[in-house]
Amino acid sequence: MMAPIQPWELKIEITDACQLRCDFCRQGGPDSHGSRFMPEDEVLAWIDWAVENDIPGVRFTGGEPTLHPSIKFFCSYARLRGRYIMLNSNGMADAGLYRDLFRLVSVV
């Protein structure tokens with residue numbers, strides 16, 4: 001009997017907001033610029049769920065996750081909970097934000 005496959009990351013789509021309109025993006029198109037942000041308590045609950053279920057990685061995505069006002073908090077919390085952190089970003093955020101995030105994030 002084969003051992004069950006264990007997921008290695010939990011993808012959390014924390015926003016539908018984005019500052020670009022890329023043709024290749026599944027969220028692309030003329031009406032794609034959302035403004036919804038997942039509430040902090042919900043994101044933290046998903047990170048806790050990843051810990052409780054032995055999922056070592058958390059991937060923050062969106063839209064553009066660096067637009068979420070709490071992205072540094074989420075990355076800090078995931079790091080404190082011992083998670084490997086990945087961030088899907090288009091690279092258009094402020095350089096200072098990326099400097100802060102590079103200290104926390106495993107893969108950008």
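Quick check on my filter: what residues within region 50-80 are part of a helix (DSSP H, G or I), of a type in the set (Phe, Trp, Tyr) and either buried (at least 20 other Cβ atoms within 10 Å of the Cβ) or in contact with a strand residue (DSSP E or B) (Cβ under 8 Å, 6 or more places away or on another chain) (or both)? So that I can check it myself, show each step before the final result.
Quick first cut of region 50-80, residues part of a helix (DSSP H, G or I) only: 50-52, 65-67, 71-80.
Among the residues that remain, those that are also of a type in the set (Phe, Trp, Tyr) are: 73-74, 77.
Residue satisfying the conditions is PHE74 alone.
Tell me, which residue of region 2-18 that is more than 12 Å from the chain's Cα centre (by Cα) and open to solvent by 100 Å² or more (accessible area, probe 1.4 Å) is nearest to VAL51 (Cα to Cα)? Give the steps one after another, and end with the answer.
Just the residues of region 2-18 that are more than 12 Å from the chain's Cα centre (by Cα), to begin with: 2-8, 17-18.
Keeping just the survivors that are open to solvent by 100 Å² or more (accessible area, probe 1.4 Å) gives 2, 4-6, 8.
Details: MET2: 24, PRO4: 18, ILE5: 17, GLN6: 13, TRP8: 11 Å.
Taking the candidates together, the pick is TRP8.
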Counting only residues that are assigned to a helix (DSSP H, G or I) and among the charged types (D, E, K, R), which one in region 81-108 is most open to solvent (accessible area, probe 1.4 Å)? ARG99
Can you tell me how many residues in region 21-45 are within 24 Å of CYS75 (Cβ to Cβ) and either modelled with pLDDT of 85 or more or of a type in the set (S, T, N, Q) (or both)? 12
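Is at least one residue of region 39-62 closer than 16 Å to GLU9 by Cα and of a type in the set (S, T, N, Q)?
The initial filter retains those residues of region 39-62 that are closer than 16 Å to GLU9 by Cα, namely 43-62.
Next cut, of a type in the set (S, T, N, Q) only: 53, 61.
Yes, region 39-62 has at least one match.
The values are calculated or read from the model by the stated rules, or taken from the named source; none is laboratory data. It should be emphasised that the depicted structure is a prediction, and the values quoted were computed from it without experimental measurement. As a convention, Cβ positions derive from the backbone with ideal geometry for all residues, glycine included, and neighbour counts pool all protein chains shown. For the accessible areas, the whole protein counts, side chains as well, though only heavy atoms, and no ligand, DNA or RNA atoms are used. Shrake-Rupley method; radii C 1.70, N 1.55, O 1.52, S 1.80 Å.
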